[in-house]
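Some notes on the structure that comes next.
The values are calculated or read from the model by the stated rules, or taken from the named source; none is laboratory data. Worth saying up front: this structure is predicted, and the values here are computed from it rather than measured. When we count neighbours, we look across all protein chains shown, and the Cβ atoms used for this are built from the backbone with ideal geometry, even at glycine. Areas reflect the complete protein model, heavy atoms only, side chains present, ligands, DNA and RNA absent. Shrake-Rupley method; radii C 1.70, N 1.55, O 1.52, S 1.80 Å.
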Amino acid sequence: MTSTYPQETVGTTLLCVSDNGEYRRVYMRKRKGYMEVGELTRGIVTQEIYQSDAHLHAIHLPLDFPEEDLVEFFKEGEPFLADYMDALDEEGITYGYLNNEENKYVCFRPARPKV
């Protein structure tokens, strides 16, 4: 039986790729107090890397973060959430980070205040 995950359908899809048994979706959604941009993967590669059926990680941005920037970044090619995080780092934009490894742990790093 294949599990389903809320992150397969929540929010607005920025990127959805399914190739050779691996599924990856990047989405954005407004949460209470922040904008979440998440990436869910499941499939053969995910199982090999994480020893888990699925992997989720997400960043948290301010609610007023321009959604157009997200749409623009993910509209060409097949960038990963990590690529977007690199771009935010280059621009000095702070964000929170959440990493969830199913049945193992949850890591959360809140956004640093601007100095």
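One residue is enough: does the stretch 76-95 have a residue meeting the conditions within 14 Å of LEU14 (Cβ to Cβ), open to solvent by 70 Å² or more (accessible area, probe 1.4 Å) and within 12 Å of the chain's Cα centre (by Cα)? Scanning the stretch 76-95, I find at least one residue that is within 14 Å of LEU14 (Cβ to Cβ), open to solvent by 70 Å² or more (accessible area, probe 1.4 Å) and within 12 Å of the chain's Cα centre (by Cα), so the answer is yes.
Got at least one residue in the stretch 62-74 being part of a strand (DSSP E or B) and buried (at least 17 other Cβ atoms within 10 Å of the Cβ)?
Here is the first cut: in the stretch 62-74, the residues part of a strand (DSSP E or B) are none.
There is no residue in the stretch 62-74 that is part of a strand (DSSP E or B) and buried (at least 17 other Cβ atoms within 10 Å of the Cβ).
Taking each residue of the stretch 57-71 that is touching a residue at least 12 places away in the same chain (Cβ under 8 Å) and looking for partners that are in a loop (DSSP other than H, G, I, E, B) and of a type outside the set (Phe, Trp, Tyr) with beta-carbon atoms closer than 7 Å, six or more apart or interchain, yields HIS60/ALA111; LEU63/GLY33. If PRO6 passes every condition in (1) loosely packed, with under 11 Cβ neighbours inside 10 Å; (2) modelled with pLDDT of 95 or more; (3) not charged (D, E, K, R) but one, which one does it miss? So the condition that PRO6 fails would be (2). Mind listing whichever residues of the stretch 9-61 are under 16 Å from TYR97 (Cβ atoms) and exposed (fewer than 13 other Cβ atoms within 10 Å of the Cβ)? If the condition is that a residue be under 16 Å from TYR97 (Cβ atoms) and exposed (fewer than 13 other Cβ atoms within 10 Å of the Cβ), then ARG31, GLY33 are the ones that fit.
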